Amino acid sequence: MGERVGFTVEGGVATLTLRDPPANTYSYEMMQELDAAVLRARMDDEVHVLVITGDGDKFFCAGADIKMLQGAKPTFKYYFCLHANETLNRLEQTPKLVIAALNGHCVGGGLEVAMAADLRVAKRGKLKIGLPEVTLGVLPGTGGTQRLARMVGRSKAIELMALGANLSVDEAKALGLVNEVFDEAGFADHVKEYARRFVPPNKASKAVGAIKRAVVAGLEVPFESGLAIERELQQQLFLSEDAKEGIGAYVEKRTPNFRGR
(Lines give C-alpha, C1' and ligand atoms only; values in the text may rest on other atoms or scores of the structure.)
Protein backbone atom coordinates (compact mmCIF):
# COMPACT_ATOMS: atom_id res chain seq x y z
CA MET A 1 0.00 0.00 0.00
CA GLY A 2 2.79 2.41 0.93
CA GLU A 3 5.97 2.95 2.87
CA ARG A 4 4.26 3.60 6.20
CA VAL A 5 1.23 1.27 6.10
CA GLY A 6 1.53 -2.23 4.70
CA PHE A 7 -1.53 -3.78 3.04
CA THR A 8 -2.01 -7.49 2.35
CA VAL A 9 -5.10 -9.62 1.79
CA GLU A 10 -5.34 -13.32 2.56
CA GLY A 11 -8.44 -15.45 3.00
CA GLY A 12 -10.80 -12.49 3.19
CA VAL A 13 -8.69 -10.71 5.83
CA ALA A 14 -6.90 -7.44 5.04
CA THR A 15 -3.89 -6.81 7.28
CA LEU A 16 -2.82 -3.20 7.72
CA THR A 17 0.66 -2.90 9.24
CA LEU A 18 1.89 0.34 10.81
CA ARG A 19 5.50 0.73 9.70
CA ASP A 20 7.86 3.00 11.61
CA PRO A 21 9.87 0.58 13.74
CA PRO A 22 10.70 0.17 16.47
CA ALA A 23 7.91 2.28 18.01
CA ASN A 24 5.66 2.60 14.92
CA THR A 25 4.82 6.19 15.80
CA TYR A 26 2.45 7.82 13.38
CA SER A 27 2.96 10.97 11.36
CA TYR A 28 0.62 12.97 9.16
CA GLU A 29 1.84 10.90 6.21
CA MET A 30 1.15 7.61 7.99
CA MET A 31 -2.38 8.75 8.82
CA GLN A 32 -2.93 9.59 5.16
CA GLU A 33 -1.82 6.10 4.15
CA LEU A 34 -3.92 4.48 6.90
CA ASP A 35 -6.96 6.42 5.73
CA ALA A 36 -6.41 5.22 2.16
CA ALA A 37 -5.88 1.63 3.32
CA VAL A 38 -9.11 1.59 5.34
CA LEU A 39 -11.04 2.95 2.36
CA ARG A 40 -9.44 0.40 0.04
CA ALA A 41 -10.43 -2.47 2.35
CA ARG A 42 -13.93 -1.10 2.75
CA MET A 43 -14.51 -1.01 -1.00
CA ASP A 44 -13.05 -4.47 -1.69
CA ASP A 45 -15.81 -7.10 -1.80
CA GLU A 46 -13.22 -9.81 -1.16
CA VAL A 47 -12.26 -8.27 2.20
CA HIS A 48 -14.51 -9.17 5.12
CA VAL A 49 -12.32 -8.37 8.15
CA LEU A 50 -9.55 -5.81 8.76
CA VAL A 51 -6.62 -6.49 11.09
CA ILE A 52 -4.36 -3.64 12.21
CA THR A 53 -0.98 -4.47 13.71
CA GLY A 54 2.50 -3.00 14.11
CA ASP A 55 5.77 -3.76 12.40
CA GLY A 56 8.17 -5.83 14.50
CA ASP A 57 7.48 -7.31 17.91
CA LYS A 58 8.22 -4.52 20.39
CA PHE A 59 5.47 -1.97 19.71
CA PHE A 60 2.01 -2.03 18.23
CA CYS A 61 2.15 1.75 18.20
CA ALA A 62 3.53 4.37 20.59
CA GLY A 63 1.25 7.11 19.27
CA ALA A 64 2.10 10.30 17.45
CA ASP A 65 5.67 11.19 16.51
CA ILE A 66 6.59 13.54 19.36
CA LYS A 67 9.60 14.95 17.51
CA MET A 68 7.30 15.92 14.65
CA LEU A 69 4.99 17.74 17.06
CA GLN A 70 7.74 19.39 19.10
CA GLY A 71 8.70 21.98 16.53
CA ALA A 72 5.34 22.25 14.82
CA LYS A 73 3.12 25.32 14.91
CA PRO A 74 -0.09 25.15 17.00
CA THR A 75 -2.21 25.26 13.83
CA PHE A 76 -0.42 22.20 12.42
CA LYS A 77 -0.92 20.32 15.69
CA TYR A 78 -4.62 21.16 15.64
CA TYR A 79 -5.17 20.04 12.06
CA PHE A 80 -3.01 16.96 12.58
CA CYS A 81 -5.28 15.87 15.45
CA LEU A 82 -8.33 16.71 13.36
CA HIS A 83 -7.13 14.58 10.45
CA ALA A 84 -6.19 11.71 12.78
CA ASN A 85 -9.66 11.84 14.32
CA GLU A 86 -11.24 11.69 10.87
CA THR A 87 -9.14 8.65 9.98
CA LEU A 88 -10.04 6.79 13.18
CA ASN A 89 -13.71 7.69 12.73
CA ARG A 90 -13.56 6.14 9.25
CA LEU A 91 -12.03 3.04 10.79
CA GLU A 92 -14.70 2.85 13.48
CA GLN A 93 -17.57 3.42 11.08
CA THR A 94 -16.39 1.06 8.34
CA PRO A 95 -19.12 -1.61 7.99
CA LYS A 96 -16.60 -4.41 8.32
CA LEU A 97 -15.17 -5.91 11.49
CA VAL A 98 -11.85 -4.38 12.57
CA ILE A 99 -9.44 -6.22 14.87
CA ALA A 100 -6.42 -4.54 16.47
CA ALA A 101 -3.65 -7.11 17.00
CA LEU A 102 -1.46 -5.72 19.77
CA ASN A 103 1.87 -7.35 19.04
CA GLY A 104 3.74 -4.97 21.35
CA HIS A 105 3.35 -1.95 23.61
CA CYS A 106 0.18 0.02 22.88
CA VAL A 107 0.34 3.45 24.46
CA GLY A 108 -0.85 6.98 23.83
CA GLY A 109 -2.17 7.45 20.33
CA GLY A 110 -1.48 3.77 19.71
CA LEU A 111 -4.23 2.85 22.15
CA GLU A 112 -6.46 5.45 20.53
CA VAL A 113 -5.98 3.63 17.21
CA ALA A 114 -6.71 0.30 18.89
CA MET A 115 -9.85 1.61 20.57
CA ALA A 116 -11.22 2.69 17.18
CA ALA A 117 -11.14 -1.00 16.24
CA ASP A 118 -14.03 -3.27 17.22
CA LEU A 119 -12.00 -6.00 18.90
CA ARG A 120 -8.53 -6.07 20.43
CA VAL A 121 -6.31 -9.11 20.86
CA ALA A 122 -2.94 -8.91 22.58
CA LYS A 123 0.27 -10.85 22.88
CA ARG A 124 0.89 -12.39 26.28
CA GLY A 125 3.83 -10.84 28.08
CA LYS A 126 5.02 -7.55 29.55
CA LEU A 127 3.12 -5.27 27.21
CA LYS A 128 2.15 -1.79 28.37
CA ILE A 129 -1.30 -0.50 27.47
CA GLY A 130 -2.38 3.01 28.43
CA LEU A 131 -2.89 6.71 27.77
CA PRO A 132 -0.01 8.55 29.49
CA GLU A 133 -0.46 11.90 27.66
CA VAL A 134 -0.91 13.76 30.95
CA THR A 135 2.82 13.27 31.57
CA LEU A 136 3.40 15.49 28.50
CA GLY A 137 1.00 18.12 29.78
CA VAL A 138 -1.73 17.27 27.26
CA LEU A 139 -4.75 14.96 27.00
CA PRO A 140 -5.45 12.01 24.68
CA GLY A 141 -6.55 14.08 21.71
CA THR A 142 -7.43 11.49 19.09
CA GLY A 143 -10.65 10.22 20.58
CA GLY A 144 -9.05 8.73 23.68
CA THR A 145 -11.10 10.60 26.28
CA GLN A 146 -14.34 9.65 24.54
CA ARG A 147 -13.70 6.04 23.57
CA LEU A 148 -12.05 5.01 26.85
CA ALA A 149 -14.94 6.43 28.88
CA ARG A 150 -17.44 4.52 26.75
CA MET A 151 -15.47 1.30 27.26
CA VAL A 152 -14.61 1.34 30.95
CA GLY A 153 -16.94 3.97 32.40
CA ARG A 154 -16.47 7.62 33.30
CA SER A 155 -14.78 7.31 36.69
CA LYS A 156 -12.26 4.61 35.73
CA ALA A 157 -11.41 6.40 32.49
CA ILE A 158 -10.70 9.68 34.28
CA GLU A 159 -8.55 7.89 36.85
CA LEU A 160 -6.47 6.05 34.25
CA MET A 161 -5.90 9.14 32.11
CA ALA A 162 -5.31 11.55 35.00
CA LEU A 163 -2.72 9.20 36.49
CA GLY A 164 -1.21 8.42 33.09
CA ALA A 165 -1.30 4.79 34.19
CA ASN A 166 -0.16 1.92 32.00
CA LEU A 167 -1.97 -1.41 32.32
CA SER A 168 -0.69 -4.93 31.90
CA VAL A 169 -2.34 -7.17 29.33
CA ASP A 170 -4.24 -9.02 32.05
CA GLU A 171 -5.44 -5.76 33.63
CA ALA A 172 -6.57 -4.48 30.23
CA LYS A 173 -8.45 -7.72 29.60
CA ALA A 174 -10.16 -7.51 32.99
CA LEU A 175 -11.40 -4.02 32.10
CA GLY A 176 -12.66 -5.14 28.69
CA LEU A 177 -10.04 -3.21 26.69
CA VAL A 178 -8.65 -6.51 25.39
CA ASN A 179 -10.87 -9.34 24.17
CA GLU A 180 -8.38 -12.17 23.82
CA VAL A 181 -4.77 -12.86 24.85
CA PHE A 182 -2.58 -15.16 22.77
CA ASP A 183 0.83 -16.67 23.46
CA GLU A 184 3.86 -14.88 22.07
CA ALA A 185 4.89 -17.98 20.12
CA GLY A 186 2.89 -18.05 16.92
CA PHE A 187 1.04 -14.83 17.76
CA ALA A 188 0.51 -13.88 14.11
CA ASP A 189 -0.96 -17.31 13.37
CA HIS A 190 -3.28 -17.02 16.38
CA VAL A 191 -4.49 -13.66 15.08
CA LYS A 192 -5.17 -15.10 11.62
CA GLU A 193 -7.12 -18.00 13.11
CA TYR A 194 -9.13 -15.60 15.28
CA ALA A 195 -9.90 -13.31 12.33
CA ARG A 196 -11.06 -16.24 10.18
CA ARG A 197 -13.81 -16.95 12.70
CA PHE A 198 -15.64 -13.91 11.30
CA VAL A 199 -15.03 -14.63 7.61
CA PRO A 200 -17.19 -16.67 5.18
CA PRO A 201 -17.95 -19.50 5.05
CA ASN A 202 -17.69 -19.58 8.87
CA LYS A 203 -19.73 -16.44 9.48
CA ALA A 204 -22.09 -14.25 7.50
CA SER A 205 -19.76 -11.25 7.33
CA LYS A 206 -22.52 -8.99 6.01
CA ALA A 207 -24.48 -9.69 9.20
CA VAL A 208 -21.35 -9.16 11.31
CA GLY A 209 -20.88 -5.76 9.66
CA ALA A 210 -24.52 -4.88 10.29
CA ILE A 211 -24.16 -5.86 13.95
CA LYS A 212 -21.20 -3.50 14.19
CA ARG A 213 -23.09 -0.65 12.53
CA ALA A 214 -26.12 -1.14 14.79
CA VAL A 215 -24.01 -1.07 17.94
CA VAL A 216 -21.69 1.81 16.97
CA ALA A 217 -24.49 4.03 15.68
CA GLY A 218 -27.01 2.95 18.30
CA LEU A 219 -24.82 3.91 21.24
CA GLU A 220 -24.75 7.52 20.05
CA VAL A 221 -28.53 8.05 19.76
CA PRO A 222 -31.61 7.61 22.00
CA PHE A 223 -32.77 4.03 22.55
CA GLU A 224 -35.77 4.30 20.25
CA SER A 225 -33.59 5.65 17.46
CA GLY A 226 -31.20 2.75 18.02
CA LEU A 227 -34.08 0.34 17.57
CA ALA A 228 -34.99 2.06 14.30
CA ILE A 229 -31.39 1.61 13.05
CA GLU A 230 -31.56 -2.04 14.05
CA ARG A 231 -34.83 -2.59 12.17
CA GLU A 232 -33.49 -0.91 9.01
CA LEU A 233 -30.33 -3.05 9.01
CA GLN A 234 -32.34 -6.20 9.69
CA GLN A 235 -34.56 -5.47 6.71
CA GLN A 236 -31.47 -5.12 4.51
CA LEU A 237 -30.12 -8.43 5.78
CA PHE A 238 -33.39 -10.23 5.05
CA LEU A 239 -32.76 -9.41 1.38
CA SER A 240 -29.21 -10.81 1.41
CA GLU A 241 -28.02 -14.12 -0.03
CA ASP A 242 -26.50 -15.09 3.32
CA ALA A 243 -29.84 -14.72 5.12
CA LYS A 244 -31.46 -17.04 2.60
CA GLU A 245 -28.59 -19.48 3.01
CA GLY A 246 -28.63 -19.31 6.81
CA ILE A 247 -32.38 -19.80 7.14
CA GLY A 248 -32.37 -22.52 4.51
CA ALA A 249 -29.51 -24.36 6.21
CA TYR A 250 -31.32 -24.24 9.54
CA VAL A 251 -34.51 -25.71 8.06
CA GLU A 252 -32.52 -28.36 6.17
CA LYS A 253 -30.42 -29.16 9.24
CA ARG A 254 -27.07 -28.57 7.55
CA THR A 255 -24.09 -26.28 8.07
CA PRO A 256 -24.54 -22.97 6.24
CA ASN A 257 -22.04 -21.95 3.57
CA PHE A 258 -21.92 -18.18 3.81
CA ARG A 259 -20.45 -16.03 1.04
CA GLY A 260 -20.60 -12.54 2.53
CA ARG A 261 -23.31 -11.49 0.08
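The values are calculated or read from the model by the stated rules, or taken from the named source; none is laboratory data. This one's a predicted model, so the numbers in the text were calculated from it and none came from an experiment. Ideal geometry is used to build each Cβ from the backbone, glycine not excepted, and the neighbour counts take in all protein chains shown.
Sort out which residues of region 110-134 are surrounded by 24 or more Cβ atoms within 10 Å (Cβ to Cβ), touching a Leu at 6+ places or on another chain (Cβ under 6 Å) and either in a loop (DSSP other than H, G, I, E, B) or not assigned by TED's automatic domain parsing to the domain that holds P95 (or both), and write them in order of number. Within region 110-134, just L131 meets the criteria. Taking region 152-174 on its own, how many of its residues are touching a Leu at 6+ places or on another chain (Cβ under 8 Å) and either surrounded by 14 or more Cβ atoms within 10 Å (Cβ to Cβ) or outside the structural domain of A62 (by TED's automatic domain parsing) (or both)? Adding up the residues that qualify gives 8. Among the conditions (1) of a type outside the set (S, T, N, Q); (2) touching a strand residue (DSSP E or B) at 6+ places or on another chain (Cβ under 9 Å); (3) exposed (fewer than 13 other Cβ atoms within 10 Å of the Cβ), the only one that V178 does not satisfy is (3). When N257 is tested against (1) at pLDDT 95 or above; (2) of a type in the set (S, T, N, Q); (3) not assigned by TED's automatic domain parsing to the domain that holds C106, only condition (1) is not met.
Regarding L148, is this residue within 18 Å of E86 (Cα to Cα) and either modelled with pLDDT of 95 or more or not charged (D, E, K, R) (or both)? Yes. E220 fulfils the conditions (1) within 25 Å of the chain's Cα centre (by Cα); (2) surrounded by 15 or more Cβ atoms within 10 Å (Cβ to Cβ); (3) acidic (D, E) except for a single criterion, (2).
Looking across region 239-261 at every residue that is outside any helix (DSSP H, G or I) and either touching a residue at least 60 places away in the same chain (Cβ under 8 Å) or of a type outside the set (D, E, K, R) (or both), the one that is farthest from E46 (Cα to Cα) is identified as T255. Residues in region 23-66 that are part of a helix (DSSP H, G or I), out of contact with any Ser or Thr (no Cβ under 7 Å at 6 or more places or on another chain), among the hydrophobic types (A, V, I, L, M, F, W, C) and more than 18 Å from K77 (Cα to Cα): A36, A37, L39, A41, M43. Among the residues of region 135-146, is any of a type in the set (A, V, I, L, M, F, W, C), touching a residue at least 12 places away in the same chain (Cβ under 8 Å), in a helix (DSSP H, G or I) and within 22 Å of D65 (Cα to Cα)? The answer is yes; a qualifying residue exists. Considering only residues in region 1-48 that are among the aromatic types (F, W, Y) and either within 15 Å of R90 (Cα to Cα) or free of Cβ contacts under 8 Å to residues at least 60 places away in the same chain (or both), the one that is surrounded by the fewest Cβ atoms within 10 Å (Cβ to Cβ) turns out to be Y28.
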